[in-house]
Amino acid sequence: VHIYRIENEYRKANTYIIDAGCEDVLLIDLGGPSLQSLLKWLDNHKKKVSALFLTHEHADHCIGLLESASLGSFNIYCTQYCGENLSNPRRNYSIYTSEIPNLDRVFEFEELSDGHKLLINGVTIEVLFTPGHSPGCACYMVNDTYVFTGDTLLSNKTLLNLPNSNRIDHKLSQDYLSSLLSETHLVFPGHGDSFYFSGFPR
Ligand SMILES: [Zn+2]
């Protein structure tokens, strides 16, 4: 598979495109607020989106949903907490900034469970629940090789100072991920460049 990154304007959150060579691609997160770069990529590559996996409910990773009609129809996969709070601007934090509109719309989503494995377009996606940074966090292991971590694992910092962050949960999630990952796993974080796993920043 090929993985492409789009760095979005709002908080430089990453949208990832997973292209397994068929007409449909998968997305991990949908930042924004504009989808111009993504739409341009899809047009250039003659691809369409069939599924979106959200790492968590924070608006920098989901605000592109407000423009999602321009992507056609696709399935949204996420944890229950994440999916329910796409319509709650206090929980997804969109209400606290004037840089983006409020994310307050109800979206239909497929609720994931921990350990759930999906096969879509020939791509295997394993769901790993990793609450801590927020209650709705999940990471996605793709083809046992690539791991999309959202804000749960960033290259140089741990983000646990938000109102709904939980340090104890995060520690458990950190142990969980550490038990599954080795230095051969390539990490695609919610912000910044990819890197090989080498533990969690302190
Ligand atoms: Zn976040």
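In a reduced charge model with +1 at each Lys and Arg Cβ and -1 at each Asp and Glu Cβ, the chain shows a dipole moment near 360 debye about its Cα centre. Can you tell me which of Ser98, Ser113, Ser155 moves the most in a GNM of the chain? Springs connect C-alpha atoms under 10 Å apart. Of Ser98, Ser113, Ser155, the Gaussian network model singles out Ser98 as fluctuating most. Of the beta bridges in region 70-202, as assigned by DSSP with both residues counted there, near 70 percent are antiparallel. When Rg and Dmax are taken over the Cα atoms of region 1-150, they come to 14.1, 40 Å.
So for region 88-202, averaging the separation of alpha carbon pairs under 8 Å that are six or more residues apart and normalising by length, what relative contact order in percent results? Reported as a whole number, the value is 19 percent. Ordering Gly122, Phe109, Leu30 by the projection of their Cα atoms onto the charge dipole of region 19-175, which places +1 on the Cβ of Lys and Arg and -1 on the Cβ of Asp and Glu, puts Leu30 at the extreme positive end. The charge dipole of region 118-202, taken about its Cα centre with unit charges on the Cβ atoms of Lys, Arg (+1), Asp and Glu (-1) only, comes to about 280 debye.
Relative contact order of the chain, taken over Cα pairs closer than 8 Å and 6 or more residues apart, is 16 percent.
When you filter the GluC sites (Glu not before Pro) in region 61-170 for DSSP loop state and at most 13 other Cβ atoms inside 10 Å of their Cβ, you are left with Glu99, Glu108. Remark on the chain: Cys22, Cys62, Cys137, Cys139 stand apart, with no other cysteine beta carbon under 4.7 Å. Here the peptides 189-198, 130-139 are ranked by packing, the mean other Cβ count within 10 Å, and the order with the highest first is 130-139, 189-198.
Given a cut-off of 22 Å, what percent of all Cα-Cα pairs of region 1-78 lie beyond it? Value for region 1-78: 11 percent of Cα pairs lie more than 22 Å apart.
Note on the chain: with a GNM built from Cα contacts shorter than 10 Å, the maximum mean-square fluctuation among Ala20, Ala69, Ala59 falls on Ala69.
Coordinate-derived values only; no laboratory data. Computed from a predicted structure; not experimentally measured. Quick reminder, even Gly has a Cβ in these numbers, built from the backbone with ideal geometry, and neighbours come from all protein chains shown.
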